[in-house]
Amino acid sequence: MANSEYVLRAATADEHDQFLGLFAAAMMFEATPTDLDRELFEPERALVAYDGDQLVGTAKAMSRDLSVPGAVVPAAHVTAVGVRATHRRRGILAGMMSRQLREAPEALAVLWASEAGIYGRFGYAAAAFGVSYEVDLRSVRPRPLPSDSGRIEEVSAEDAPALLAPLLQALQATRPGVSGRSEQVWRQHLQDDPAHRGGSTARQILVHRDESGAVDGYVLWRGKMNWGPTGPAYEVSVQELAALDPTAYHALWLHLLTLDLAAKLEYGHAAVDEPLLQLVSNPVALGRRLSETLWIRITDVPRALAQRRYAVATDVVIEVTDDLIEANNGRFRLTGDAEKATCERTDAAADLALSINELSAAYLGGRGLAEFATTERVTENTPGALAATTAAFGWPLGPQSLEIF
Ligand SMILES: CC(C)(COP(=O)(O)OP(=O)(O)OC[C@H]1O[C@@H](n2cnc3c(N)ncnc32)[C@H](O)[C@@H]1OP(=O)(O)O)[C@@H](O)C(=O)NCCC(=O)NCCS
């Protein structure tokens, strides 16, 4: 690691609670480990840094999949990154990141960053933006639903994973940036410790069923009682919404936007191109705020580029520089289209040159390579290659990350 005073090694299963305790202290929250958290812990993918016998650093990767343009691929889901406050800025994070990225068996790593300044130096880049809504329900004016022969009903947390999982998978087929969930991960996602509700109700799980009774949409949300000087001003907090079908999508949003007593609705995971924008006649009342969501780091250039698909046919030679992973340096020929792709090392002259950060930023199709040419972070050697490759890396729907992991 960057600082050899500390021992860096893989964790053991019995270190889970200590591991979580250190991360929670670094992030300043109270953690109550559950049996499910312990079951999902992958100690061989969790790094611990020790100063003598004191645990001073943690970082782990979860084995999950991620939707990328045209495919669903394994991605190291990096989380629980923390360094004891007494040991900051001594290179402990740098040591953990370097080892984790070099050892990852997947071709890419993804994370949500607590602060935007941390991860770029390790080759990560913001590959998706998301939108938070703070909706003024009294002025939003949702469009009415033309007709709905289906219905909305409540389901229990017990029944939810089996009903909801196929919808998340369907979303993965159209939207890049969606993390897959095993049944255990679903159960963890739906844990609802009263101590963490902050005065809100228990989580409500609603599904939309079509005429035949099949579930074609769901929403996870909570309400919070609040009285203002003019009467009820309740708050609705939407955690997650996914729908297979336009009617289900519209019906679920209409249900939420017209709840009795409510004055405000918050939703933190909208896509930049969220269809809800088209279903309200006063979008400014959505109170939109843009921020970075998923950060991506390609760990294996040819494998990562061959794993995704391309919006239009491409045949391009890309020269990549990577300070951390030696094998990513050099020129690679990428050929691909919407059905298939190959990427191999080549001696041919490069059409485009960039660092691993820009390639990672463009990987989900949510940011164009051309954006980085303006700041000279992508160099075009062959006229036309930049526009053509930017188009190829794009995707019809923008990326959307539904959960902070
Ligand atoms: C962020 C954190 C993990 C950094 O750990 P650390 O061991 O102090 O980091 P390092 O000493 O290895 O720093 C490596 C580099 O990152 C920089 N860096 C570290 N934390 C940074 C931050 N929050 N913002 C910007 N740069 C940061 C360092 O200055 C250093 O830069 P250099 O290479 O130019 O010298 C640690 O401060 C922490 O636990 N913070 C609170 C919890 C948190 O935010 N975790 C991240 C969750 S996504």
**Request:** Search the range 220-240 for residues that are in the same structural domain as residue 168 (by TED's automatic domain parsing) and under 16 Å from residue 189 (Cα atoms) and pair each with any residue that is hydroxyl-bearing (Ser, Thr, Tyr) and assigned to a strand (DSSP E or B) when their beta-carbon atoms are under 7 Å apart and the residues are at least 6 apart or on different chains.
**Result:** 221/237; 222/237; 238/267
**Message:** Which condition from (1) assigned by TED's automatic domain parsing to the domain that holds residue 69; (2) near the ligand (Cβ under 7 Å from one of its atoms) is the one that residue 100 breaks?
**Reply:** (2)
**Asked** Can we say residue 306 is assigned to a helix (DSSP H, G or I) and surrounded by 18 or more Cβ atoms within 10 Å (Cβ to Cβ)?
**Response** yes
**Prompt:** Do you know which residues across the range 105-158 are modelled with pLDDT of 95 or more, hydroxyl-bearing (Ser, Thr, Tyr), surrounded by fewer than 21 Cβ atoms within 10 Å (Cβ to Cβ) and assigned to a loop (DSSP other than H, G, I, E, B)?
**Reply:** 114, 139, 156
**Item:** Tally, over the range 57-91, of residues that are within 8 Å of the ligand (Cβ to nearest atom), out of contact with any Leu (no Cβ under 8 Å at 6 or more places or on another chain) and of a type in the set (A, V, I, L, M, F, W, C)
**Value:** 1
**Item:** Inter-residue pairs, beta-carbon under 8 Å, first aromatic (Phe, Trp, Tyr) and in the range 97-125, second surrounded by fewer than 20 Cβ atoms within 10 Å (Cβ to Cβ), 6+ apart
**Value:** 112/79; 112/404; 112/405; 119/113; 122/94; 122/98; 122/324; 124/113
**Message:** Looking at the range 375-384, can you tell me whether even one residue there is in contact with a strand residue (DSSP E or B) (Cβ under 9 Å, 6 or more places away or on another chain) and in a helix (DSSP H, G or I)?
**Reply:** no
**Message:** I need the full set of residues from the range 112-146 which are near the ligand (Cβ under 8 Å from one of its atoms) and among the acidic types (Asp, Glu), in order please.
**Reply:** 115
**Complete:** Within the range 232-276, residues under 21 Å from residue 210 (Cβ atoms) and within 16 Å of the chain's Cα centre (by Cα) come out as 240, 241, 242
**Message:** Based on this model, can you work out whether residue 67 counts as touching a strand residue (DSSP E or B) at 6+ places or on another chain (Cβ under 6 Å) and more than 22 Å from residue 321 (Cα to Cα)?
**Reply:** no
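The values are calculated or read from the model by the stated rules, or taken from the named source; none is laboratory data. Remember, predicted model here, so these are calculated numbers, not experimental data. Note that we place each Cβ from the backbone using ideal geometry, even for glycine, and neighbour counts take in every protein chain shown.
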